[in-house]
Structure formats: structure tokens, C-alpha cells
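Report on one structure; see the data block that follows.
The values are calculated or read from the model by the stated rules, or taken from the named source; none is laboratory data. Since we're looking at a predicted model, the values are computed, not measured. All Cβ positions, glycine included, derive from the backbone under ideal geometry; neighbour counts span all protein chains shown.
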């Protein structure tokens with residue numbers, strides 16, 4: 001008999017040992033050589049974008065193949081364009097004036113935690129930024145997405161082999177388990193944690209430095225100066241993109257009473273269906289498990305599928321199921337993160353009340369992540385920017401596409417930090433620069449007290465009194 005947990009633990013150790021050796025050899029390459037490997041990976045994976053997208057949908061049941069293909073392209077072609085000229089190897093900067101040389105130092109071997117909602121795109125993205133920064137990476141896949149993640153890694157390994165680089169530089173556990181993942185996180189040098197709150201918490205508790213994400217309970221405020229039809233179209237395109245599996249997708253609309261009817265009408269016209277009475281009760285009954293967490297049976301599913309699970313009928317072509325919500329908290333399921341075709345709807349009197357409500361929604365389970373605002377009032381936009389506890393404010397753009405860098409100038413990323421307020425070590429869209437340390441070589445500027453202090457003729461030891469006097473004189477001049 002084979003103990004799967006022990007086998008998984010041993011595999012984690014073996015893969016990290018092999019990756020460490022491969023990374024040591026890879027670290028000897030110059031920037032040009034590393035960049036050629038990165039380009040080869042990006043180009044090759046992009047040609048498999050559709051195949052990998054289809055595999056992910058078939059294996060997990062989450063999302064849409066067409067949208068997952070877009071995500072795979074973002075993680076390969078678009079990401080490559082963003083990093084191709086980035087200096088990540090050797091001397092990064094030689095400041096002659098201040099006499100400081102900055103040198104890139106790779107982290108070593110990274111543990112890449114991959115979720116089931118965005119399996120192939122996250123694998124591509126993490127592999128590219130890890131290799132670009134001179135690191136090795138070992139993936140621990142979500143068990144329900146093991147095949148498509150394994151296929152993605154196999155494609156990358158074929159490229160590495162053709163480039164004359166050890167295939168151990170990028171590898172994947174074939175026997176994933178909680179114990180194996182925990183061991184991987186312990187023996188790696190850095191953890192890139194993307195996944196559920198339990199796994200991210202385990203990453204930060206492992207004792208290994210970690211860059212993790214947080215929940216994204218994103219509110220979208222449609223302010224009275226907004227183009228309502230356009231704003232609703234953006235929310236619709238974002239929330240239905242890959243059936244809402246990206247944590248930056250909108251979870252609630254907050255709008256002002258003076259335009260609420262117009263917003264509601266636009267939602268209905270564009271495929272929104274407002275739930276009421278028994279239908280609302282039935283949908284709420286399938287939204288969550290007994291512990292209050294999302295029901296995986298409806299995650300990443302379209303509106304009509306959710307309606308069928310709930311046992312209700314909705315008009316053909318319904319894109320989102322929407323509920324008028326009155327409160328925020330555990331007893332209000334539409335006020336939480338819903339990685340599927342469900343949306344809360346709130347009406348407030350003015351932007352100040354909206355500001356407070358958005359804050360409450362973020363505190364409920366999305367603090368530190370992102371907020372969307374549709375407005376042409378720059379003063380209101382600035383107030384939200386100054387006061388909301390988020391790492392990204394997406395203005396007049398679909399929140400999903402904006403946060404990951406498709407429709408904005410944010411760095412293309414599938415690891416969106418939430419900052420200290422959200423329990424993350426960074427608020428960045430994580431880049432290769434987050435995966436290296438900088439070694440600084442600092443030269444004396446020629447004005448140190450020690451350099452000017454006289455030496456004792458016999459003992460050649462510095463005269464402490466002379467040094468003290470020089471320091472005092474310098475401090476007086478500075479004052």
C-alpha cells in the first residue's frame with residue numbers, strides 16, 4: 001500500500017531539490033539569454049491558449065473557454081510585452097554620483113499555489129515572472145485542476161528543453177495533497193499564494209516568506225454623473241467574464257436614488273434579472289454551504305445554470321441574477337463575494353452614503369482588494385481614492401479587466417496583492433520585481449570621520465578622542 005500523503009510530501013521535497021540545482025545553473029545566464037527563454041515560453045504557450053482554456057473548463061466546470069483563452073493570452077503575450085525590457089539579471093543600476101551599485105539576487109525556488117478558478121492562466125503567469133527574475137518554481141495544483149495545470153507545465157518544460165535549460169526549473173506536483181502543499185511551502189524560498197483563504201493563510205503561516213492575495217468583494221459605485229448605459233455595460237462585461245471567476249469582478253452595484261430606476265432598467269435591458277419572493281429565497285438557499293462559504297456547485301457558472309440548480313425559471317438569455325439588498329453582513333449573502341453570476345444591488349441617497357456603504361462592503365470580506373467607480377465627477381473620484389481601503393480603484397472601466405491590466409495600465413497580473421490592511425505582504429499587481437532581492441554595493445563617499453582621523457604612530461590604532469571631535473564638528477556644521 002502507498003500512503004498518498006507521504007508520497008506527496010516526498011515529491012515536494014524532491015522537486016524543490018531538483019529545482020534548486022536547476023536554478024543555480026540558470027542563475028549563471030545573462031539577461032539576454034534569460035529573456036530568450038522567457039520569450040520562447042510566452043510564444044509557445046500562446047499557441048496553446050485555446051487548447052488549455054478548453055481543458056480547464058472541461059476539467060473544472062468553471063467559466064467559459066473563450067474567456068479563459070483571453071486570460072491565457074494575457075498571461076503570455078500581454079505579460080511578455082510588459083516584462084521584455086525589464087532588467088532582472090545582474091547589475092540593475094550603477095549610480096556613479098551616489099556610488100551605489102544595485103544587483104539583482106533571485107529568490108531561489110518559488111512555491112506556486114494555483115487555484116481551480118484560473119488554473120492555466122495563473123500557471124503561465126507565475127512561471128513567466130519567476131523565470132524572468134531568475135528563479136525556479138514548483139507548482140502545487142488544485143486537485144480539481146490537476147490535469148490542465150500539468151499540461152501547461154509540460155508545455156513549458158518542452159520549451160525549456162529546447163532552450164538547453166533543465167526542465168526541473170519549472171515543475172508541478174503530480175500527487176497534490178494538503179500535507180504535500182504544506183511541505184512545499186516549508187522547503188521553498190518564497191510562496192506565491194493564489195487561491196482560497198485557507199491556502200493563503202497556510203502560506204503566511206508556513207514560516208516561508210509569502211506573497212498572497214485576499215478576497216475581492218468589489219463594490220461598483222455608479223454615481224449620478226455617469227453614463228448609466230455604458231456603466232452597466234461595463235459591469236455586465238466584467239461580471240460575466242469567465243462567469244465571474246476572477247476575484248476582481250464586481251459583487252455589488254451601489255447607486256444613487258436619483259438614477260436608481262435608470263440603472264435598474266439598464267440592467268434588465270442588458271440581461272439582468274431581479275430576484276424576488278420565492279425565487280430569491282430558492283437562490284439564497286443554494287448560494288452557500290452550512291459554514292457560510294460559497295457553494296462550489298455554482299462557482300463559475302452562468303445565470304441560467306444557477307437558476308436550474310435553484311429550481312426556478314428565468315427568461316432565456318438572462319446573464320446575471322440580481323437581488324435588492326438592504327444590509328451588509330453574514331446574514332446578507334448578496335453582500336459577500338460571489339465568484340459567479342450573482343450581484344447585489346444597493347440604493348443610497350448620495351455619494352457620501354455610497355462611500356460609507358462601499359467601505360462596509362469591503363470590510364465585510366474584501367478589504368484591501370479593489371473598488372470600481374463610474375463617474376465624471378473628479379472630486380468624488382478623488383475622495384474615493386483618498387479614503388477607500390483598497391489597492392486598486394478602477395474608474396469607468398470593467399473591474400475584472402481593469403484590475404488584471406486588460407483595459408488599464410496596471411501590470412498584467414493574476415496575483416493581486418491586497419496590502420497590509422487586507423493581510424497581504426504587498427498591494428501590487430505582482431511582477432518579476434517582486435520575486436527578486438536587490439543587493440546594494442555602497443562605496444565610501446570620501447567624507448567619513450574615520451578616513452580623516454589620525455593614526456597612533458606606534459599602535460596604528462585610531463585616536464578615539466580625535467574621531468569624537470571630528471564627529472562633533474561635523475554635527476555642528478550640519479546643524
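Structure summary
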read-out	value
Residue in region 390-411 that is nearest to the chain's Cα centre (by Cα), counting only those that are in a loop (DSSP other than H, G, I, E, B) and without any contact (Cβ under 8 Å) to a residue 40 or more places away in the chain	410
Test: residue in region 309-328 that is part of a helix (DSSP H, G or I) and either at pLDDT 95 or above or within 28 Å of the chain's Cα centre (by Cα) (or both)	yes
Set 72, 118, 93: member being more than 28 Å from residue 249 (Cα to Cα) and outside the structural domain of residue 340 (by TED's automatic domain parsing)	93
Any hit, region 71-82, residues being surrounded by fewer than 19 Cβ atoms within 10 Å (Cβ to Cβ), closer than 19 Å to residue 136 by Cα and out of contact with any strand residue (DSSP E or B) (no Cβ under 7 Å at 6 or more places or on another chain)	no
Residue match in region 373-385 (condition: crowded, with 24+ Cβ neighbours inside 10 Å and not assigned by TED's automatic domain parsing to the domain that holds residue 80)	yes
Any hit, region 422-434, residues being more than 15 Å from the chain's Cα centre (by Cα) and either closer than 30 Å to residue 34 by Cβ or in a helix (DSSP H, G or I) (or both)	no
Set 52, 28, 6, 15: member being out of contact with any helix residue (DSSP H, G or I) (no Cβ under 6 Å at 6 or more places or on another chain) and surrounded by 15 or more Cβ atoms within 10 Å (Cβ to Cβ)	15
Scope region 1-33; condition outside any helix (DSSP H, G or I) and either at pLDDT 95 or above or within 26 Å of the chain's Cα centre (by Cα) (or both); matching residues	27, 28, 29, 30
Scan of region 59-70 for residues that are in contact (Cβ under 8 Å) with a residue 24 or more places away in the chain and surrounded by fewer than 21 Cβ atoms within 10 Å (Cβ to Cβ), ordered by number	59, 61, 64, 67, 70
Check on residue 411, in contact with a helix residue (DSSP H, G or I) (Cβ under 9 Å, 6 or more places away or on another chain) and either in the same structural domain as residue 195 (by TED's automatic domain parsing) or under 16 Å from residue 81 (Cβ atoms) (or both)	yes
Out of 124, 155, 129, 149, sole residue that is part of a helix (DSSP H, G or I) and surrounded by fewer than 24 Cβ atoms within 10 Å (Cβ to Cβ)	155
Enumeration of residues in region 203-235 that are touching a strand residue (DSSP E or B) at 6+ places or on another chain (Cβ under 8 Å) and in a loop (DSSP other than H, G, I, E, B)	206, 208, 209, 213, 214, 215, 216, 217, 223, 224, 226, 227
Any hit, region 367-389, residues being under 22 Å from residue 68 (Cβ atoms) and part of a loop (DSSP other than H, G, I, E, B)	no
Residue list for region 394-420, filter: closer than 14 Å to residue 211 by Cα and surrounded by fewer than 18 Cβ atoms within 10 Å (Cβ to Cβ)	420
